[in-house]
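Step one of this worksheet: look at the structure below.
The values are calculated or read from the model by the stated rules, or taken from the named source; none is laboratory data. None of the values given here were measured: they were computed from a predicted structure. Virtual Cβ from ideal backbone geometry, glycine too; neighbours counted across all protein chains shown.
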Amino acid sequence: MDIGRMDNLKMIWHNQLDGDSFRKLKSLQVYRCQKLLTLFPSNICGRVLSLESLDVNSCESLEGIFDLQGIISEERNSIAATQSRELCFSNLQESEVYRCQSLKYLFAASNNVANDDYSPKFLFPKLTSLDLHELREFRSFYPGRHTVEGSVLKMLKLSDCFIHDTDEEGQTQMQQPFFFVEQAFPCLEGLRLLGKNIMMMWQGQVPESLFVKLKILEVRDDDSTNLPLCIIQRFQNLETLSLVFSSYKEIFSNGEDQTRVAAPTKIKTLYLSQLDDLKYMWKQNFKLDLILQNLEALNIWGCNSLINVMPPSASFQNLTVMEVEGCSSLINIGTSSAAKSLVQLTQMRIEKCKKITEVVGNHGDVTEDEIIFPKLKSLSLLDLPSLTSFCSWNNDSEDYDLEDRSDSSESLEMLKEDNELNKATQQLDDEANVQSSIKDCEGSSSRHLERGDPV
C-alpha cells in the first residue's frame, strides 16, 4: 500500500475498523505527508504485525512511527512495574525512514509514561536491513528504558541521525543510548555511518561486542583529519572499508606514536571517494606498512590532493585490482620500492589524472630487466595528458603476458615517439595471439569504480 503527496493528511486510520482489517498488510510506503504526526496509533499497532516492508519518506511533522501511549496506559495496572512487555514484529524484513525532520523515536510515548518502570522489549526476528537517514531530531528507539533484539539484522545505516542526548533547553537527558544492548544485533555485517553519527563510534559510545561479525563499514562526511587506526582494529573481521566525502588528510594514523608497529587488518577491499584533502595513506615515518597486506582491491576516485597511491614502504602483496580515476594531483601510483610488493596485481586502471607523468616512479632499487608486475593481465591508461612513461627503466616485454590493454591514444603516440613507454604495454602490438585495442580517451565510457554507495 502506497500513501503519498497528501499534504493535509493528519491520520491514516480511523478509530473503528473491522476485526480483520489490515492484518494481512505486507508492504507500506508513506511519503510526503507533511501534517502526519503518527504512522501507527495504538489501536493499529497490533493489526500490522504481518508487515514485511516499511518505508517512510519526507514526512516533516512525523514524531513517531508506532504510538505506544494507549497500549502502555491500558496495561500499567495489569502488569507488574518491573515486568517487560514484548512487542514482536515477527515478519518485518526491511525498513527505511528518510527525511522526517521531527521524528524523535521509532516507538513514541509521553515522557510520564516512558519514565516509569515499564520496560518494553522490541523484537525483530526477521529484520535484515534498517536504514535511518536525515532524522535530525532522532534520539532512540523509545524514550524510556527498553530492550531491542534484531537477531538477524545484517545491514544498519545511520545517516545524519543526530541521536541527541539533550532536550530543547540543552539539558542532558537520562536517556538510553541507541546502542545500549550489546547483543541487540549479533549478526550485523554491514554498517554505514554519516555525519555526527560517526562520533558515537570514534568516542567509544558503541560496545565492541556489537561488531564481532561486521564485514562492511562505510563512513561518509567525517570532519576528522585522519582515521585512528585503533578504531579500525576494533572491527576484527572487517573486509570492506569505504570512505566517502570526508576531510581526511591521511587515512590511517597512530596519533603521535611513531614507534608503534601496527598489526595487519583483514581488509580486502578499500574504496576512497571524494576525499579532497587526502594527501597520502599514512605518514612515511609511521610503522604502518603491514596494515593493508591482505588488501585485494583498491578503488580511488576524485581524491584531488593525492600525490601517490602507495607509501614507499607499503606492502600490498595480495592486491589484484587497482583502479584510480579523477585524482588531479597524482604524479604516480608510488615508487618502485612500493610497486615491487604488487606481485599479485592482475588488473590496473588509471584514468583522468591530469598530472601523472609516469605510472611507477623509480626509487633506484630496481634493475633494468626487473619485472615489477609479474602477473599483470589487464592495463588501462585513459585520459592522462601528462603521461611520459610507464616507468623510467626498461623491462623485458617478453616477460609480460597482457591479455587486455586500453590506452589513451594521444598519450600512447607520444610515448611511442619518445620510446619511453614500458615495453610491457607495447607487447600487444607485436603478439598475434592477443587481441588489443586502443580506445580514444574522449569517447571512452569505461568506468568501474564505485562512487556513491558501495555499501
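Looking at region 376-390 only, could you name the residues that are among the charged types (D, E, K, R) and crowded, with 19+ Cβ neighbours inside 10 Å? Selection gives ASP383 alone.
Here the condition is being of a type outside the set (Lys, Arg), modelled with pLDDT of 90 or more and touching a strand residue (DSSP E or B) at 6+ places or on another chain (Cβ under 7 Å); of LEU103, LEU87, LEU158, it holds for LEU103 alone. In region 106-138, the residue that is nearest to the chain's Cα centre (by Cα) out of those that are under 19 Å from GLU60 (Cβ atoms), crowded, with 21+ Cβ neighbours inside 10 Å and modelled with pLDDT of 85 or more is LEU132. Checking SER27, SER42 one by one, the residue that is touching a residue at least 24 places away in the same chain (Cβ under 8 Å) and more than 23 Å from SER102 (Cα to Cα) is SER27 and no other. Residues in region 341-355 that are in contact with a strand residue (DSSP E or B) (Cβ under 7 Å, 6 or more places away or on another chain) and within 12 Å of LEU387 (Cα to Cα): ILE350, GLU351, LYS352, CYS353. Scanning region 161-198 for residues that are at pLDDT 85 or above and part of a loop (DSSP other than H, G, I, E, B) yields CYS187, LEU188, GLU189. Scan region 36-50 for residues that are modelled with pLDDT under 85 and crowded, with 20+ Cβ neighbours inside 10 Å and jot them down. Once the filter is applied, which keeps residues that are modelled with pLDDT under 85 and crowded, with 20+ Cβ neighbours inside 10 Å, region 36-50 yields nothing. Given the structure, is GLN93 farther than 14 Å from PHE141 by Cα, out of contact with any helix residue (DSSP H, G or I) (no Cβ under 7 Å at 6 or more places or on another chain) and modelled with pLDDT under 60? No, not satisfied. Residues that are in a loop (DSSP other than H, G, I, E, B), at pLDDT 85 or above and either of a type outside the set (Ser, Thr, Tyr) or in contact with a helix residue (DSSP H, G or I) (Cβ under 6 Å, 6 or more places away or on another chain) (or both) within region 246-264 comprise LYS249, ILE251, listed in sequence order.
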